Amino acid sequence: MAGTRKPVVEVRRSQRRRRTVSAYRDGERVVVLIPDQFSRAEESEWVDRMLARLAAREGRLARSDDELVARATRLIDLYLGGYGAKAVPASVRWVTNQNGRWGSCTPADRSIRISHRVQDMPDWVIDYVLLHELTHLIVPSHNARFWALVGRYPKSERARGYLEGVAAASCTPVPT
Ligand SMILES: [Zn+2]
């Protein structure tokens, strides 16, 4: 992302606003609308908060279905190139109804779905989850051949560790 450069922020105070704060991008600038009664400290706190929110929103938009398809094409090229059309899915999309799994693949209709819970993870983890499902188009089960193919991706092991960590952390802890 282009996010290392801090954007120019224009703060507009409004007497009509009581509590609501909003922000939008206007070319290179970000306009933040705040209530007139905010102190300087509140102003700077809210500017930071709104910039973070805006960046998160734009990050999610960047990870659209189209981007997922482009990502799949790149991964097939890099790691499953020898399989030609066998590795190409009919559809790849983000879904929100898949809480127990990171991704799924239906070899019968060659469709792949990736959970929205992966959307905010680092690129190398998304790549792993997607490559995993793409590999299922070639090898449906988790056998040695499957893991050998997935293992062509250098960060496979690391990504699996990352996902295990997230799964463990999201478990409701047993009350002590
Ligand atoms: Zn699998």
> Where a ≥ b ≥ c are the square roots of the eigenvalues of the C-alpha gyration tensor, would you call region 72-166 rounded, which needs a/c under 1.5, or, failing that, prolate if a/b is larger than b/c, or oblate?
Replying inline: oblate
> In whole percent, how big is the carbon plus sulfur part of the accessible area of region 121-166, probe 1.4 Å, protein atoms only?
Replying inline: 56 percent
> How much of residue 120 can a 1.4 Å solvent probe reach, expressed as accessible area in Å² and rounded to 10?
Replying inline: 110 Å²
>> How tilted is helix 123-138 with respect to the longest principal axis of the chain? Cα atoms for both, answer in degrees (0 to 90, nearest 10).
In response: 30 degrees
> For residue 15 and residue 58, what does the FRET efficiency come to when R0 = 35 Å and r is the distance between their Cβ atoms, rounded to the nearest 0.05?
Replying inline: 0.75
> To the nearest 10 degrees, how steeply does helix 40-62 sit against the main Cα axis of the chain, on a 0 to 90 scale?
Replying inline: 30 degrees
> Can you work out the FRET efficiency for the pair residue 157 and residue 123, with r the C-beta to C-beta distance and R0 = 25 Å, to the nearest 0.05?
Replying inline: 0.90
>> For the full complex of protein chains and a 1.4 angstrom probe, list 141, 22 by accessible area with the highest value first.
In response: 141, 22
> Going toward the positive end of the dipole of the chain, with +1 on Lys and Arg Cβ and -1 on Asp and Glu Cβ, which of 139, 62, 105 do you reach last?
Replying inline: 62
> So what does residue 116 come to for accessible area, using a 1.4 Å probe and Å² rounded to 10?
Replying inline: 60 Å²
> Taking the Cα atoms only, what angle lies between the long axis of helix 156-169 and the longest principal axis of the chain, rounded to 10 degrees?
Replying inline: 60 degrees
> Long-range amide H contacts for residue 30: which residues qualify at under 5 Å (H placed 1.01 Å from N, peptide plane, sequence gap of 5 or more or a different chain)?
Replying inline: 8, 9, 10
> In nm, to one decimal, how far is the modelled label at residue 168 from the one at residue 49, with both set 7 Å along Cα→Cβ?
Replying inline: 3.4 nm
> For the chain, rounded, prolate or oblate, judged on the Cα gyration tensor with a ≥ b ≥ c (square roots of eigenvalues), a/c < 1.5 rounded, else prolate if a/b > b/c?
Replying inline: prolate
> Any idea what the relative contact order of the chain is, in percent, if you count C-alpha pairs under 8 Å spaced at least 6 apart?
Replying inline: 14 percent
>> Out of the total accessible area of region 39-98 (probe 1.4 Å, heavy atoms of protein only), what percent is carbon and sulfur?
In response: 54 percent
>> Using a Gaussian network model on the chain with a 10 Å cutoff between Cα atoms, which of 18, 152, 113 fluctuates the most?
In response: 18
> Between residue 28 and residue 141, what is the label-to-label distance in nm when each label sits 7 Å out along the Cα-to-Cβ direction?
Replying inline: 6.0 nm
> Calculated from DSSP H runs of 4 or more alone, at -39500 (n - 2.57) each and per residue, what is the 222 nm mean residue ellipticity of the chain, nearest 500?
Replying inline: -14000 deg cm²/dmol
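The values are calculated or read from the model by the stated rules, or taken from the named source; none is laboratory data. On a predicted model such as this, the values are computed, not experimentally measured, just so you know. Here Cβ is always computed from backbone atoms with ideal geometry, including for glycine, and neighbour counts include all displayed protein chains. When the accessible area is computed, the model is the full protein with side chains, heavy atoms only, and any ligands, DNA or RNA have been set aside. Shrake-Rupley method; radii C 1.70, N 1.55, O 1.52, S 1.80 Å.
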